[in-house]
Amino acid sequence: MTEQKQKRAFVGGASQGIGRSVAVELARLGFCVTAMARSAEPLQATIRSLPGEGHNYLATDAADRARLEELVTAEINERGGYSVLILNTGGPAPGPVARASENDFLQAFSQHLLVNVLLTRLVLPQMQAQKWGRIVTITSTSVKVPIPNLGVSNTIRAAVSSWAKTLSMEIAADGITVNNIMPGYTKTPRLENLLRNQASQRNVSEETVAQEWEKTIPARRFAEPEEIAKVVGFLVSPAGSYVNGVNLPVDGGRTPAL
Ligand code: NAD
């Protein structure tokens, strides 16, 4: 087992929700965090909330992959590579798969798969050189059991899981692990959007929908984003060194599959 040398982490979608909590957890564990998302202001707030020093942010829309590559390359050249890469971004818009357009699929494929491929290509050389790295994707339990009304998401997540599993087998000998975290319902702005969408479709209150969804969870409650972040923290810690290539639901037991 190689010792980790560099404590730098890149966290996608870090301006709110799960990504923001992961940034806090990694900073708490002593990592220097680069927080990425679309807008500077909430990212600055994230950075201010992090314990420790030397954190940075990159404000860009990941849809512009050329710009993302430019910013990440410049940061790596200036400050060195990352030993931890958290692949996280906003989920695709809800809706039935039969009504999704070609463009909806292309956008989601780009934001969820091609961005992961790009960021991994940029960080991998340094991880391989230091023989240590942790790559964690934040996906969804829909890889195990598709979730109604999340047609595009269900479709694209399977590609991400398959890509990550393949990658994990290719680079494990370099001391790098690749794992997928599958959050259940987690209290973030994304969940608020999904509740709003469902409530307006059915003309009921958001509270009614929230209560119905909570009943489907054996734990009978939604997760706090910190509960997802702690599991990421475990995967990047020495305790997680032999966990590789897994799809890990963190869902209060909701997913009805082995
Ligand atoms: P969120 O929408 O609250 O936050 C998403 C983050 O990604 C934000 O920081 C946002 O600025 C950033 N982002 C979105 N689009 C971007 C783009 N084009 N370029 C750069 N940054 C972008 O989401 P969340 O609830 O924290 O969820 C994170 C991931 O986990 C998503 O993929 C989501 O679908 C998945 N997930 C969430 C839940 C849940 O209940 N919250 C459940 C299962 C899966």
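The values are calculated or read from the model by the stated rules, or taken from the named source; none is laboratory data. The shown structure was predicted, so the numbers you read here are calculated from the model rather than taken from an experiment. Cβ coordinates were reconstructed from backbone atoms using ideal geometry, including for glycine residues, and neighbour counts include every protein chain displayed. These accessible areas exclude ligands, DNA and RNA; they are computed on the full protein's heavy atoms, side chains included. Shrake-Rupley method; radii C 1.70, N 1.55, O 1.52, S 1.80 Å.
Observations
- Residue within the stretch 154-171 that is within 26 Å of Gln16 (Cβ to Cβ) and outside any helix (DSSP H, G or I) present: no
- Identity of the residue in the stretch 114-130, among the aliphatic types (A, V, I, L, M) and open to solvent by less than 20 Å² (accessible area, probe 1.4 Å), that ends up farthest from Gly13 (Cα to Cα): Met127
- Residue in the stretch 118-133 that is closer than 21 Å to Val97 by Cα and in contact with a strand residue (DSSP E or B) (Cβ under 8 Å, 6 or more places away or on another chain) present: no
- Matching strands (runs of 3 or more DSSP E) fully within the stretch 1-101 where at least 3 residues are buried (at least 16 other Cβ atoms within 10 Å of the Cβ) and either within 13 Å of the ligand (Cβ to nearest atom) or among the aromatic types (Phe, Trp, Tyr) (or both): 32-37, 56-59
- Residues (away from the ligand (no atom under 16 Å from the Cβ) and open to solvent by 20 Å² or more (accessible area, probe 1.4 Å)) located in the stretch 131-152: Lys131
- The stretch 134-153, residues that are in a strand (DSSP E or B) and over 16 Å from the mean Cα position of the chain (by Cα): Leu150
- Taking first residues from the stretch 129-141 that are under 16 Å from Gly17 (Cβ atoms) and of a type in the set (Asp, Glu) and partners that are part of a loop (DSSP other than H, G, I, E, B) and more than 16 Å from the ligand (Cβ to nearest atom), no Cβ contact under 9 Å between residues at least 6 apart in sequence or on separate chains turns up.
- Considering Glu214, Glu192, Glu206, the condition of being touching a helix residue (DSSP H, G or I) at 6+ places or on another chain (Cβ under 7 Å) and surrounded by fewer than 17 Cβ atoms within 10 Å (Cβ to Cβ) is satisfied by Glu206 alone.
- Of the helices (runs of 4 or more DSSP H) entirely within the stretch 173-258, those holding at least 1 residues that are touching an Asp or Glu at 6+ places or on another chain (Cβ under 8 Å) and small (Gly, Ala, Ser) occupy 189-202, 225-236.
- Residue within the stretch 83-95 that is over 16 Å from Val33 (Cα atoms) and without any contact (Cβ under 8 Å) to a residue 60 or more places away in the chain present: yes
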